[in-house]
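Worksheet for the structure shown next.
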Amino acid sequence: QVQLVDSGGGFVQPGGSLRLSCAASGRTFDNYVVGWFRQAPGKEREFVAAVTRSGRLTNYADSVKGRFTISKDGARNTAYLQMNSLKPEDTATYYCAASSATYVSTHQYDYDYWGQGTQVTVSS
């Protein structure tokens, strides 16, 4: 079992950047696919990005492709979501999640463990 703690959210103006962190404890992140999801008020939770167990392959939602980068640091047992060129429509609570599956999934129901979420607000 793994425990996840999200952090790094905040308030930023359009065009700004934030880096979210997801610290894992209990088991190494090397055993899991790691994903980021987000949920805006009144909307369903949606997939943002995911990275394979090895950290070598990634997948992104079309809405964030070219602006967001997901990565893993095995030594720190932490995953990151670097978010650049932020837009107001990126405003949401962001959650990291870990999946025991061997494939990169964009579906939240394939993820077994979740962080508590961190709020990102993009506004002028």
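Only Lys, Arg, Asp and Glu carry charge here, each on its Cβ (+1 for the first two, -1 for the last two); on that basis region 20-77 has a dipole of about 60 debye about its Cα centre. Between 21, 54, 71, the GNM of the chain built on Cα springs shorter than 10 angstrom shows 54 fluctuating the most. Note on residue 54/residue 11: beta-carbon distance plugged into 1/(1 + (r/R0)^6) with R0 of 35 Å gives a FRET efficiency of 0.55.
Quick one: with all protein chains in place, what share of the accessible area of the chain is carbon or sulfur, to the nearest percent (1.4 Å probe)?
Working: 2800 of 6260 Å².
It is 45 percent, rounded to a whole number.
Leaving out ligands and nucleic acids, and using a 1.4 Å probe, what accessible area per residue does the chain come to in Å²?
50
When the square roots of the Cα gyration tensor eigenvalues are ordered a ≥ b ≥ c, the ratio a/c for the chain is 1.5 or more and a/b exceeds b/c, which makes its shape prolate. A Förster radius of 35 Å, combined with the Cβ-Cβ distance separating residue 43 from residue 75, puts the computed FRET efficiency at roughly 0.45. Which residues does the label zone of residue 63 cover in region 13-39, counting backbone N under 15 Å from a point 7 Å along Cα→Cβ? The answer is 36-39, whose backbone nitrogens lie closer than 15 Å to the label point. Working from label points 7 Å from Cα in the Cα-to-Cβ sense, the residue 31 to residue 121 distance is 3.8 nm.
The values are calculated or read from the model by the stated rules, or taken from the named source; none is laboratory data. This structure is a prediction, so every number in the text was calculated from the model and none was measured. Backbone-built Cβ (ideal geometry, glycine too); neighbour counts: all protein chains shown. Each accessible area value is taken on the protein alone, full model and side chains, heavy atoms only, with ligands, DNA and RNA left out. Shrake-Rupley method; radii C 1.70, N 1.55, O 1.52, S 1.80 Å.
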